[in-house]
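Take a look at the structure below.
The values are calculated or read from the model by the stated rules, or taken from the named source; none is laboratory data. Since this is a predicted model, take the numbers as computed values, not measurements. We place every Cβ from the backbone using ideal geometry, glycine too, and count neighbours over all the protein chains shown. Ligands, DNA and RNA are excluded from the accessible area calculation, which covers all protein heavy atoms including side chains. Shrake-Rupley method; radii C 1.70, N 1.55, O 1.52, S 1.80 Å.
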Amino acid sequence: MFIFSTIQLRRAMLAVVLTGGAVVGDAAPTGLQQLRYGNPGLAVDLAVGLWAWPMPMDYDGDGDLDLLVSCPDLPSNGIYFFENPGGGGAMPVFKPGVRLGKGHRSIRVSRVGGRDRILIPGREFVGFRKKGFAGPVSMFPRENIHSNEVRNNQWSLLDYDGDDRIDLVVGVGDWTEYGWDNAYNARGEWQNGPLHGYVYWLRNTGSNARPVYAPKQFVEAGGSPVDVYGLPTPSFADFDADGDLDLVCGEFLDGLTYFENAGSRRHPRYLIGQRLRHDGGELKMDLQMIVPAAIDWDGDGDVDLIVGQEDGRVAFVEHTGRLSGGTPLFAAPRFFRQQAASVKFGALSTPVAVDWDGDGDDDIVSGNTAGYIGFFENLGGGAKPRWAPSRRLKAAGKVIRIQASDNGSIQGPCEAKWGYTTLSVADWDHDGLPDMLVNSIWGEVLWYRNTGSRTSPRLAAARPIEVAWPSDPPKPKWCWWNPKGRQLVTQWRTTPVAVDFTGDRLVDLVMLDHEGYLALFERRRTGGKLQLLPPRRIFVDEDNRPIQLNPGTAGKSGRRKIAVADWDGDGRLDVLVDSVNADWWRNCETRSGNIVLKHVGPLGQRQLASHSTSPCVVDWDGNGKPDLLLGAEDGFFYHLPHEQARTYSAKAKTARPARKPK
């Protein structure tokens, strides 16, 4: 716990950078470290790791608004302070994040009586500017006031009914009817219920010094409880400037709903919700799991929205000061910017290292949860490259974005805006140009052919990877839709590794088959045409059993991110698999036509995953030894030099069965 007397002392003592988790001045740690841009003067989108919970306020007391942003997930969990250096108006370029303490979900700031107060369910961080974010004080006997278990539980303080006493407001996300997984019929129609997002208020019948809270009441709109699609994040403010408090709610997807107060400040009466709009139509965020906070950010007298989303970015959604049919109009979201620190691509990034632009050094091409594919150009620098900001790749002139929409995710329509792109780059058609193979939330493997040149790649529209199936193509048994023609449909979110595994100078495919076994799809040339053969489960353990990297079904299936490389320099291609960081499966021998893989163990010592990592190899230092590059669920890239990887004796036994991803 830190006690601060000045802003300068606070900054010095809490200078825990977003990119490393170590206090500035500490000796540089070894092992897996976030990849740095190394590009002074560069500005990129402001972001934490997986999921941004923004709390706008003047944290450092210098007269302008800063951002505190909580990231609740691994591996960059924390509450981060992004300082507004001033001079940028509504869109300053913030300084890199400084970690203040442990991150939380369902954390909110309330502006009460001129003070910022930060709550998590049932508790408050009293005096957080001086005491930090340890030891929250209990303010209510229960953390969950809802009748069911909740996935989101958002507490805030507010004088709801204008009686000068501060009440409690609680937004809850209820998934009871949704059920989460594998509930489509044969027509792709979801058979379970929706997500629910309710809002309660608990009237303070005591005093502000000694609050006594009455039993919970639903906040109603149009005579029924407010109910949005999960994750309501209720934000009360006078959005239409008529003197009473209106309500804006977020949701688990990408939209915002406005509930006009047609009553008064003392007696609120909310109308049926209307979607917020801007001049171009309905207001939607780029991604989902959105978390809005209401504040007059630009100081023009109307109430704006600051909105975080799943990939860790935070946007300014400006109130235009205009109404349409009684509903406030907002501008399109603009994502805040920060001084570049560590290289990041959304959440659950899936990098591969490849010389994409043909200039002689290895760049990074990556997928992410949002379904984009990004290109990070290596600007030189040898062992410590400088990086350009990401550019979203296009195919047939349009930005590549694969999304589940209403029925592409086995886990249901609440995942509509996710794509989970994972990929490899290789010359698939052997024309001398690197192409791209992509798998996603759908489980269909796509080929983006490079129709440009070696130094100016240009991708054609996606076409399915086809296999010379001897009969109807297989698919995961829980997949409600059927493959078309000879299409390859396998388990979702697992890497399609295009590599010449057999050494015949034809690019093969190594990945999970439709039942989760690691398989080789061998390439042959027949009649002058390339042909991809059906998978063979040639990868076996030491007891000659086929290796099933994931035996799970439906939403628990797939998810395995793999890379193929000769890690130990013995001339045999090994397999690296996602784990707490990346597990090495050593290629020990060829036995009766099968490849014997020994599960040796993790190469790093740092936990980077509760969902999934995504490994690849690089050799930026040019020493001929593969180094490890990992995408993590926080979206940052982590680098591990070969010499700093864990080593194992030649007699090392299998450490444990492959970790089942969550």
Can you find a residue in region 509-525 that is outside any loop (DSSP other than H, G, I, E, B) and surrounded by fewer than 17 Cβ atoms within 10 Å (Cβ to Cβ)?
-> yes
Contacts under 8 angstrom Cβ, first residue in region 455-467 being within 17 Å of residue 373 (Cα to Cα) and among the basic types (Lys, Arg), partner assigned to a strand (DSSP E or B) and at pLDDT below 95, 6 or more apart | none
Quick check: anything in region 329-346 on the phi < 0 side of the Ramachandran plot, crowded, with 22+ Cβ neighbours inside 10 Å, among the basic types (Lys, Arg) and in a strand (DSSP E or B)?
-> yes
Listed by range, strands (runs of 3 or more DSSP E) wholly within region 390-478 having at least 2 residues that are open to solvent by 10 Å² or more (accessible area, probe 1.4 Å) are 422-426, 446-448
Only one of (1) touching an Asp or Glu at 6+ places or on another chain (Cβ under 9 Å); (2) closer than 22 Å to residue 614 by Cβ fails for residue 337. Which number is that?
-> (2)
Can you pull out the residues in region 234-250 that are touching an Asp or Glu at 6+ places or on another chain (Cβ under 7 Å) and of a type in the set (D, E, K, R)?
-> 238, 240, 244, 246
Can you find even one residue in region 146-153 that is closer than 20 Å to residue 289 by Cα, in contact (Cβ under 8 Å) with a residue 60 or more places away in the chain and open to solvent by 10 Å² or more (accessible area, probe 1.4 Å)?
-> yes
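Residue-by-condition table, conditions (1) assigned to a loop (DSSP other than H, G, I, E, B); (2) more than 19 Å from residue 317 (Cα to Cα); (3) aliphatic (A, V, I, L, M); (4) open to solvent by less than 30 Å² (accessible area, probe 1.4 Å):
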residue: 31; (1), (2), (3), (4): yes, yes, no, yes
residue: 41; (1), (2), (3), (4): yes, yes, no, no
residue: 44; (1), (2), (3), (4): no, no, yes, yes
residue: 51; (1), (2), (3), (4): yes, no, no, yes
residue: 55; (1), (2), (3), (4): no, no, yes, yes
residue: 61; (1), (2), (3), (4): yes, yes, no, no
residue: 68; (1), (2), (3), (4): no, no, yes, yes
residue: 74; (1), (2), (3), (4): yes, yes, yes, no
For residue 370, indicate whether it is touching a Leu at 6+ places or on another chain (Cβ under 6 Å) and open to solvent by 10 Å² or more (accessible area, probe 1.4 Å).
-> no
Residues in region 175-188: is at least one out of contact with any Leu (no Cβ under 6 Å at 6 or more places or on another chain), more than 30 Å from residue 480 (Cα to Cα) and not in a loop (DSSP other than H, G, I, E, B)?
-> no
Being touching a Leu at 6+ places or on another chain (Cβ under 9 Å), outside any loop (DSSP other than H, G, I, E, B) and within 15 Å of residue 466 (Cβ to Cβ) is the filter here, so list the residues in region 482-508 that pass it.
-> 498, 508
Any idea which residue in region 312-326 is farthest from residue 338 (Cα to Cα), counting only those that are of a type outside the set (A, V, I, L, M) and in contact with a strand residue (DSSP E or B) (Cβ under 7 Å, 6 or more places away or on another chain)?
-> 324
Give 556, 598 a once-over and let me know the one that is open to solvent by 10 Å² or more (accessible area, probe 1.4 Å) and within 29 Å of residue 440 (Cβ to Cβ).
-> 556
Within region 578-620, restricting attention to residues that are among the acidic types (Asp, Glu) and under 29 Å from the mean Cα position of the chain (by Cα), which residue is nearest to residue 559 (Cα to Cα)?
-> 578
Unmet requirement for residue 512, which otherwise passes all of (1) closer than 22 Å to residue 572 by Cβ; (2) more than 26 Å from the chain's Cα centre (by Cα) = (2)
Enumerate the strands (runs of 3 or more DSSP E) found wholly within region 101-152, keeping only those where 3 or more residues are closer than 16 Å to residue 56 by Cα.
-> 108-112, 115-120
For region 89-109, the count of residues that are open to solvent by less than 30 Å² (accessible area, probe 1.4 Å) and not aromatic (Phe, Trp, Tyr) equals 9
